[in-house]
Amino acid sequence: MHSTRRSILAGLGAGGLAVAGVARPVAAQSARPEGSAFRPVQPPVPTEAPAGKVEVIEFFWYGCPHCNALEPAVKAWARQLPPDVAFRKVHVPWQVQAHQQLFYTLDALGKADELGDRVFAAIHTDRQRLDTPEAMADLLARHGVDRKQFLDAYSSFGVRAKVQRATQLAAAYKVDGVPMFGVAGRWVTAPSMAGSNAEALKVVDALVDRARKGG
């Protein structure tokens, strides 16, 4: 349910990027001690959401099979969010690090939401590593993205700044595995902590409500 730095590096050492399978969600445990499904962030992290909104961040990696498995549920959940919740995705800087730059290039081009599924499918279904800008450009060109525009954005200062900010944010939240959710700069939860993908999203909702109430 959780890709960690250690498991990612072990997968790479065993013969390449471990993207072939999709892990099945672990059944939720019915009797969890209070707080075991999430942990506080110390010190709290400043949020970027507008005043009056609760920020929720999904930390993820394109190469993570668990993130790929979670994506449909996250999309369905995000479509039903109330207006006082500000949700965004943050790509972690783990292997393959070029994937982080790919995400922020797509974000800069306004294509991250539209083409995220294509990237996941290329890696996890078609077994493409997408570890060079040229390989990325080849894929995206098949989906209507101008190659030169993509490559120019990929190497731009603006994208590098977004990559640096995302790396700093992951460190501030002490992200040690993905997928993981940060809520209001104060808590983190994950499927591995909550017991399943569905339970993790329920914990996120509960933490959002707690943040609303000043808890």
**Request:** Return the sequence-ordered ³J(HN,Hα) values of the range 127-136 in whole Hz as given by the Karplus equation 6.51 cos²θ - 1.76 cosθ + 1.60 applied to θ = phi - 60°, using x for Gly and Pro.
**Result:** 6, 8, 6, 6, 10, 9, x, 5, 5, 5
**Asked** For the range 35-212, what relative contact order do you get, as a whole percent, if you take Cα pairs closer than 8 Å and at least 6 residues apart?
**Response** 37 percent
**Column: log10 I(q)/I(0), Debye, Cα scatterers of the range 35-212, q = 0.14, 0.16, 0.19 Å⁻¹** = -0.75, -0.97, -1.30
**Message:** Could you order the peptides 39-46, 172-179, 145-152 from most to least packed, using the average number of other C-beta atoms within 10 Å per residue?
**Reply:** 172-179, 145-152, 39-46
**Message:** What FRET efficiency comes out for ASP152 versus SER36 if R0 is 45 angstrom and r is the Cβ-Cβ distance? Round to the nearest 0.05.
**Reply:** 0.45
**Item:** Residues listed by number, the range 81-100, amide nitrogen under 14 Å from ARG165 label point at 7 Å toward C-beta
**Value:** 88-91
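Net charge within 15 Å of ALA184 by Cβ-Cβ distance, Lys/Arg positive one each and Asp/Glu negative one each, not counting ALA184 itself?
Around ALA184, the surrounding residues sum to +1.
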**Item:** Between the range 139-199 and the range 40-59, the alpha-carbon center distance in angstrom
**Value:** 15 Å
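Where a number appears in this text, it was derived from the coordinates with a stated rule and is not lab data. Bear in mind the structure is a predicted one, so any value in this text is a computation, not a measurement. Glycine also receives a Cβ, built like all others from the backbone with ideal geometry; neighbour counts cover every protein chain displayed.
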